[in-house]
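To start, the structure itself, in structure tokens.
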Amino acid sequence: MGHGNIYQAIKLEHCKVFLLEQGGREMAKDFLLGIDVGTTRAKVALFGLTGKVIASGYNEYLTVHPRPGYAEQNPEDWWRAVKKAVHQVLSISNISSQDIAAIGISSMTITVLPVAKDGKPLYPAIIWTDSRSKEQCRWIKKKVGEKDLDPFFFSKLQKQKLQLLITLKEQ
């Protein structure tokens, strides 16, 4: 693995998580951290290994509607909100980040975030509530024919992704 203090193995024993350091010394880790980047806020919860909630926190961010039907967010706002919520949880619980065995992350459905080769956003994130691509949907149905559209591929979720990508190309 080779990144300094990176752990080489993880094993579960008696509802405790033990991480083996590179030197072979076992370190008990007693907590799990859950992060959810949702539509309106980042929520963070700290759990014991039995599933008991130890502490939770959240931080909100804005959705911008620059035109009718548009719904955009600044991905930097997500990152700031997650950092603040994690800090809240660790402060409330008085737990060190060193005691966290694992982190689980979830996020809102269908979000399009075009990025450059260096990973920097090219455009605000277009979130799932954005409806700007109605015309593109009509165009797809007209060109392909609704009866020829694969119901799985052209499900509502897949359709939104495709429409947003076409819309970005046109803009």
Subject >> Solvent exposure, largest accessible area first (probe 1.4 Å, DNA, RNA and ligands not counted), of W79, W128 >> reply: W79, W128
Original post:
What are the ³J(HN,Hα) values, in whole Hz, obtained from phi via the Karplus relation 6.51 cos²θ - 1.76 cosθ + 1.60 with θ = phi - 60°, for each residue of the range 121-138 in sequence order, with x given for Gly and Pro?
Top reply: x, 8, 7, x, 5, 9, 8, 4, 7, 6, 10, 5, 9, 4, 5, 5, 5, 4
Original post:
With every protein chain in place, what's the accessible area of D118 (1.4 Å probe, Å², nearest 10)?
Top reply: 110 Å²
**OP:** Return the subset of K52/K84; K117/K142; K83/K120; K117/K143; K84/K169; K52/K83 for which the Cα-Cα distance in this structure is over 24 Å, preserving the input order.
**Re:** K117/K142; K117/K143; K84/K169
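The values are calculated or read from the model by the stated rules, or taken from the named source; none is laboratory data. The structure presented is a predicted model; accordingly, all values stated were derived computationally and were not measured. Accessible surface areas use protein heavy atoms only, side chains included; no ligands, DNA or RNA. Shrake-Rupley method; radii C 1.70, N 1.55, O 1.52, S 1.80 Å.
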